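Take a look at the structure below.
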Amino acid sequence: MDVLAAAHERQRTHGDALFLCAGQPSTPAPPRALTAAVRGIGEEVLGYTEATGIPELKRTIAAHHNARYGVAGVGADAGEGSSESTGRATGGREVTADDVVITTGSSGGFVALFLAALDVGDDIVLARPGYPAYRNALRALGANVVEIDCGPETRFQLTVGLLEELPRVPKAVIVTSPDNPTGTIIDAGELERIARWCEANDVLLISDEIYHGISYGRECASARQFSDEAVVVGSVSKYYSMTGWRVGWLIVPEWLRAPLDRLEANLTVCPPAVSQVAAIEAFHPDSIAELDLHVRRYADNRALLMERLPEVGLGTFAPPDGGFYIYADVGHLTDDSLTWARELLDATGVAVAPGIDFDTVNGNKWVRLCFAGTTGDMAEASRRIGEFTGSQRP
């Protein structure tokens with residue numbers, strides 16, 4: 001966040017900042033969502049809704065999940081973006097509206113879930129590198145965060161083999177696919193093995209799936225395909241380009257419904273009413289068609305950076321299977337990614353996220369680049385980075 005604040009200051013003083021540091025789409029919300037929001041403000045009484053969300057949005061998300069993942073034999077046409085389906089029915093039962101809890105963004109969902117399902121001192125397993133908000137929220141709530149070092153040999157993802165090496169069985173395991181910061185997608189077979197291991201050991205599996213819909217030829221599976229006891233976390237922020245609307249959701253097992261309903265009623269009262277109305281329209285086929293065009297632009301940006309980064313000295317990075325990040329190795333240039341990111345910003349106006357934010361052990365040799373901006377910005381950023389790294393190399 002230090003780099004992000006500095007990038008805003010750079011933009012204020014120089015007007016040339018390129019924001020490859022923040023995980024935010026530069027694309028707009030679907031027009032149908034915007035129209036629904038305007039209609040809601042003008043025609044509806046936007047008072048408190050149900051604590052866990054309006055029924056129509058919950059039904060919409062349940063139907064979307066079932067269609068996309070082939071749950072209970074319901075299929076969808078395969079394709080890139082949100083229309084992609086795994087094309088198979090599996091052991092998971094059909095998701096109903098009662099399984100869905102609407103939250104104030106996925107961040108609010110994580111906090112509510114941690115409060116409902118975990119106790120002080122519980123062991124919670126995360127992959128390292130990983131999204132820092134997980135460990136920060138868990139530690140604030142008194143949990144014991146157990147980070148497992150995950151590198152190229154496991155595609156920066158947890159595996160059953162790594163879980164079986166733990167000295168004791170944890171209370172919960174969090175997986176993220178597509179991952180932040182690496183962009184890797186966990187193999188469906190491995191996700192199924194993790195789900196089975198969690199069920200066999202009475203471990204809560206939490207699957208962060210907020211980047212589903214943004215993938216580049218590699219299939220995204222959902223943990224609920226393999227276990228009805230898994231919790232899925234979703235959001236309209238990333239694929240749906242609705243970050244500031246603050247609508248997320250949890251798909252939860254039955255035993256978590258009542259605790260979450262009580263917590264949400266006390267913590268937030270309800271998610272933003274107008275945002276819920278708008279979010280319903282984000283799942284409309286017309287919206288999906290437009291959002292898939294955004295994914296094609298991300299794919300173009302990804303291809304451009306994968307071609308240009310090796311040319312400018314950043315040729316080692318995690319396989320960016322999905323999402324809109326490239327996690328690049330800068331260990332040959334620095335052993336202090338935060339200082340390197342600050343120097344890059346000062347010299348060029350390009351803002352990247354230092355790897356130390358995501359990995360407090362090995363992240364000093366990595367940086368994360370977000371390619372959710374325009375293709376022109378990606379080309380210009382790679383040019384400027386080349387000038388900077390060229391001055392550092394022999």
Multiply the residue gap between N266 and L34 by 0.36 nm, knock off their C-alpha separation, and tell me the result in nm, one decimal place.
-> 80.6 nm
With a Förster distance of 22 angstrom and the Cβ-Cβ distance between R193 and R93, calculated FRET efficiency to the nearest 0.05 equals 0.65
Ranked by Cβ crowding within 10 angstrom, fewest neighbours first, how are K58, K365 ordered?
-> K365, K58
Could you run the Karplus curve 6.51 cos²θ - 1.76 cosθ + 1.60 with θ = phi - 60° over segment 249-256 and give me ³J(HN,Hα) per residue in whole Hz, x for Gly and Pro?
-> 8, 10, 10, 10, x, 4, 5, 9
Mind sorting L158, L304, L4 by how few other Cβ atoms lie within 10 Å of their own Cβ, fewest first?
-> L4, L304, L158
Beta bridges per DSSP with both ends in segment 47-284, % antiparallel, nearest 5 = 35
Residues whose modelled amide H sits under 5 Å from the amide H of V125, counting only those 5 or more places away in sequence or on another chain, are V146, A172, V173, I174
State whether segment 90-198 is rounded, prolate or oblate according to the following rule on the C-alpha gyration tensor (a ≥ b ≥ c being the square roots of its eigenvalues): a/c under 1.5 gives rounded; otherwise a/b larger than b/c gives prolate, and the remaining case gives oblate.
-> rounded
Run down the aspartates and glutamates and flag those whose C-alpha is under 12 Å from the C-alpha of K171, throwing out any fewer than 8 positions away in its chain.
-> D119, D122, D123, E199, D202
Helix 337-348: inclination vs the chain longest Cα principal axis, degrees, rounded to 10, gives 60
Report the FRET efficiency, 1/(1 + (r/R0)^6), for H332 and E387, where r is their Cβ-Cβ distance and R0 is 25 Å, rounded to 0.05.
-> 0.90
Which whole-angstrom value gives the distance between the alpha carbon centres of segment 102-159 and segment 234-288?
-> 20
Which ordering of V203, V269 is given by a fewest-first count of other beta-carbon atoms within 10 Å?
-> V269, V203
In degrees from 0 to 90, rounded to the nearest 10, what is the angle of the helix 188-200 Cα long axis to the longest principal axis of the chain?
-> 50
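Multiplying the sequence separation of A22 and M306 by 0.36 nm and subtracting their Cα-Cα distance, what value in nm do you get?
Numbers: separation 284, 0.36 × 284 = 102.24 nm, distance 1.89 nm.
Gain on extension, A22 to M306, equals 100.3 nm.
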Total charge of the residues flanking V146 in space, meaning their Cβ is under 12 Å from its Cβ, with Lys and Arg +1 and Asp and Glu -1, is 0
With θ set to phi - 60°, apply the Karplus curve 6.51 cos²θ - 1.76 cosθ + 1.60 along segment 137-143 and write out the HN-Hα couplings as whole Hz, x wherever there is a Gly or Pro.
-> 5, 5, 5, 4, 8, x, 7
With springs only between Cα atoms under 10 Å, which of G47, G322, G217 fluctuates most in a Gaussian network model of the chain?
-> G47
Phi to ³J(HN,Hα) by Karplus 6.51 cos²θ - 1.76 cosθ + 1.60 over segment 55-61, Hz, x for Gly, Pro | x, 5, 5, 5, 5, 4, 5
Relative to the longest principal axis of the chain, what angle (0 to 90°, nearest 10) does the C-alpha long axis of helix 285-311 take?
-> 30
Efficiency of FRET between L162 and E43 - r from beta-carbon atoms, R0 51 angstrom, step 0.05 | 0.45
Any idea how far the Cα center of segment 1-22 sits from the one of segment 329-388, in Å?
-> 13
Given charges at Cβ of Lys, Arg, Asp, Glu: the chain dipole, positive-most of G15, F388, T184 = G15
Scan around Y325 for amide H atoms under 5 Å from its own, H built in the peptide plane at 1.01 Å from N, and keep only partners 5 or more places away or cross-chain.
-> F371
Long-range Cα-Cα pairs in segment 47-284 (distance over 24 Å), rounded percent = 41
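Throughout, read-outs are computed from the coordinates displayed, never taken from laboratory work. As the structure is a prediction and not an experimental result, all values here were calculated from the model. For neighbour counting, all protein chains shown are included, and Cβ atoms are generated from backbone atoms with ideal geometry for every residue, glycine included.
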